[in-house]
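Encoded as C-alpha cells, the structure appears first; notes follow it.
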C-alpha cells in the first residue's frame, strides 16, 4: 500500500492559519514546534506506522513458524540418532540437510530484518518529507525568521523553554492532518 503526499498543500494551510490565531507570533519571530507531539498526532505517521506494524507482525509470525519447524526437525533428528534408528550414512545426510536448513533460516531472518529496516527508513523519510514540505509552505505564509523543532519530554532540545505563544505545534499538526486528509481523498478518486 503506497501513500502519496502532494506538494500542493497551500489550501490545507488555511485551517492551520485559523488555528494560528491562538499564537501571538508575528512575522520575523522565532517559533518552535514539538516533533514528538507532531509524530504522535500526525495521521500520516500513524497510518504508515500501523501498516508497518502489521507487516512486521506477519513477518515475525513467519520467522517464528520457520524457527519452530527447524527446532522440531532438529529434535526429531536427535531423537532418531539417540535411539539408533539411523544408519551412519543416513544420519550424516540428514545432519547436512538440517545444517543447510539452519543456514537458510538464518539467512531468511537476516534478509527479512534488512527488508523491514529499509521499509521503516522509507516510511520515516516519507513522513519527514511531508513535514518538511508543509513547514516550508507554512513558513512562506507566516514569514517566521526561524522555526525550531524540539523533542524530548524531560529536557527538550534544542528549546529547553520558550514562550508558549511561540509554540506552533498544534497549528502545524492541524495543517499537516488537513493536508494529509485532502491527499488521501484525492488519491481515492
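Each peptide in 127-136, 114-123 receives the mean, over its residues, of other Cβ atoms within 10 Å, and ordering these scores from highest gives 127-136, 114-123. Once the Cα-Cα distance is subtracted from the 0.36 nm per residue extended length, the residue 189 to residue 92 segment shows a gain of 28.8 nm. The modelled label-to-label distance between residue 69 and residue 161, using points 7 Å beyond Cα along the C-beta direction, is 6.1 nm. The long axis of helix 169-188 is offset from the longest Cα principal axis of the chain by roughly 60 degrees.
With contacts taken as Cα pairs under 8 Å at a separation of at least 6 residues, the range 13-188 carries a relative contact order of 59 percent. Exposure proxy for 35, 74: other Cβ atoms within 10 Å of each Cβ, ordered fewest to most, give 74, 35. Spacing of the modelled spin labels on residue 151 and residue 36, each 7 Å from Cα toward Cβ, amounts to 1.1 nm. Give me the angle, in degrees from 0 to 90, between the Cα long axis of helix 88-142 and the longest principal axis of the Cα atoms of the chain, rounded to the nearest 10. Here the helix axis deviates by roughly 0 degrees.
In plain terms, the C-alpha convex hull of the range 13-188 casts an average shadow of 14.8 nm² when viewed from every direction. In the chain, the longest principal axis of the Cα atoms and the axis of helix 43-82 are about 10 degrees apart.
Every number here is computed from the coordinates shown, using simple stated rules; none is lab data. Keep in mind the model is a prediction, meaning the values are calculated, not measured. Glycine gets a Cβ as well: all are built from the backbone with ideal geometry, and neighbour counts include every protein chain shown.
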